[in-house]
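Input: a single structure, listed below in structure tokens.
The values are calculated or read from the model by the stated rules, or taken from the named source; none is laboratory data. This is a predicted model, so every value here is computed, not measured. Methodologically, a virtual Cβ is constructed for each residue, glycine included, from the backbone with ideal geometry; neighbour enumeration extends over all protein chains shown. Ligands, DNA and RNA are excluded from the accessible area calculation, which covers all protein heavy atoms including side chains. Shrake-Rupley method; radii C 1.70, N 1.55, O 1.52, S 1.80 Å.
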Amino acid sequence: SQELEQSPQSLIVQEGKNLTINCTSSKTLYGLYWYKQKYGEGLIFLMMLQKGGEEKSHEKITAKLDEKKQQSSLHITASQPSHAGIYLCGAVNAGNMLTFGGGTRLMVKP
Amino acid sequence: EPEVTQTPSHQVTQMGQEVILRCVPISNHLYFYWYRQILGQKVEFLVSFYNNEISEKSEIFDDQFSVERPDGSNFTLKIRSTKLEDSAMYFCASSDSRSGANVLTFGAGSRLTVL
């Protein structure tokens, strides 16, 4: 089965600082999804990457998928308190099930 | 923006009781999912449902669990004879495609507490 490892598990940054979250797969990724979960709430779709080397941005969040399609990073520029939450990477496995990594808990200190 | 709605938001039940969690997926979506998140743990896939039948299920989804689409709008998860370890947040999701650019839209979750 495909395992997704996220690092770091938790992160505390000062408001205004940049940060990067990583997601590594044990197998080639055919689709990599980033979701955000606010504490105790549902999952909000951020971005999906499919092609090796692909990069997408939305507002201050940029996600990249490496050429080998086994690693993705999520970069937040000039973090704000509204960025706080749990960031989850997900991938579709051979059975077309979307499975998630363990998540990265982000706190932004004002 | 269309959303997935789940009820109840929180349910407390006694061990051994049956629980039904309800979901209203986005109206033009055809694929439906249930996920579970035990406190402090990963979001885990339970089951996917398409064309009135289960398409995939995980090892977690044993005979204690069942899903149903009783009408054109609701999608339910039934948990029979609940156990303490069933306490978790249960998320419903829906999508309009199964593979490729399959973006799941999640509900806010139903928190189940088994005493």
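Could you tell me which of B:ASN28, B:PHE106, B:PRO8 has its Cα farthest along the dipole of chain B towards the positive end, charges placed at Cβ (Lys, Arg +1; Asp, Glu -1), taken about the Cα centre?
So the residue we want is B:PRO8.
Give the interface area between chains B and A as buried accessible surface, both sides summed, probe 1.4 Å, in Å² to the nearest 100.
Working: alone 6560 and 6200 Å², together 11160 Å².
Roughly 1600 Å² of accessible surface disappears when B and A pair.
What accessible area per residue comes out for segment B:23-114, rounded to a whole number of Å², with a 1.4 Å probe? Please list the in-between numbers first.
Details: 4070 Å² over 92 residues.
Per residue, segment B:23-114 has 44 Å² of solvent-accessible surface.
When chain A is treated as a GNM, springs tying every alpha-carbon pair under 10 Å, which of A:LYS51, A:LYS69, A:LYS60 comes out with the largest mean-square fluctuation?
Of A:LYS51, A:LYS69, A:LYS60, the most mobile in the Gaussian network model is A:LYS60.
Which FRET efficiency, nearest 0.05, do B:GLN17 and A:LYS51 yield, Cβ-Cβ r, R0 45 Å? If you can, show how the numbers build up before the last one.
Details: r = 48 Å, r/R0 = 1.08.
Computed FRET efficiency for B:GLN17 and A:LYS51: 0.40.
Treating the beta-carbon of each Lys and Arg as +1 and of each Asp and Glu as -1, no other charges, what is the dipole magnitude of segment B:1-56 about its Cα centre, to the nearest 20 debye? Kindly include the intermediate steps, with their values, before the conclusion.
On the way: 3 positive and 6 negative charges, 33 e Å.
Once rounded to the nearest 20, the dipole reads 160 debye.
What FRET efficiency do you get for B:ASP71 and A:LYS68 if R0 is 30 Å and r is their Cβ-Cβ distance, rounded to the nearest 0.05? Provide the component values of the computation, followed by the final result.
Details: r = 46 Å, r/R0 = 1.54.
Once the sixth-power term is evaluated, E becomes 0.05.
So what's the Cα pair-distance distribution over the protein assembly as shown, bin width 5 Å, in %?
The percentages, shortest bin first, are 1, 7, 15, 18, 19, 16, 12, 7, 4, 1, 0.
Residues of A:43-55, mean number of Cβ from any other protein chain within 10 Å of their own Cβ, rounded to a whole number? Provide the component values of the computation, followed by the final result.
On the way: counts 11, 2, 5, 0, 1, 4, 0, 2, 0, 0, 0, 0, 0.
That works out to 2 on average.
Roughly how large, in nm² to one decimal, is the mean projection of the convex hull of the alpha-carbon atoms in chain B? Can you show the working numbers first?
Working: hull surface 28.2 nm².
Mean projected area of the Cα convex hull: 7.1 nm².
A:LYS69: which aspartates and glutamates have alpha carbons under 17 Å from its alpha carbon, excluding same-chain residues fewer than 8 sequence positions away?
By straight Cα distance, A:LYS69 reaches A:GLU3, A:GLU5, A:GLU54, A:GLU55.
Based on alpha-carbon centroids, what's the gap between segment B:1-68 and segment A:2-44 in Å, whole number please?
Centre-to-centre (Cα) distance: 23 Å.
Zone of A:ASN18 (label point 7 Å along Cα→Cβ, backbone N under 14 Å): which residues in segment A:60-91?
Only A:60-64, A:74-79 fall inside the zone, counting backbone N under 14 Å.
Mind putting a number on the dipole of chain B about its Cα centre? Charges go on the C-beta only, +1 for Lys and Arg and -1 for Asp and Glu, and I need it in Debye to the nearest 20.
It comes to approximately 180 debye.
Compute, for chain A, the length of the dipole vector about the Cα centre, with Cβ point charges of +1 (Lys, Arg) and -1 (Asp, Glu) only. Units Debye, rounded to 20. All intermediate terms of the calculation are to be shown ahead of the outcome.
Values: 12 positive and 9 negative charges, 19 e Å.
Dipole about the Cα centre, nearest 20: 100 debye.
Give, in nm to one decimal, the length gained when the segment between A:MET107 and A:THR28 is fully stretched (0.36 nm per residue of separation minus the Cα-Cα distance). Mind showing how you got there, number by number?
Details: separation 79, 0.36 × 79 = 28.44 nm, distance 3.02 nm.
Going from the current span to full extension adds 25.4 nm.
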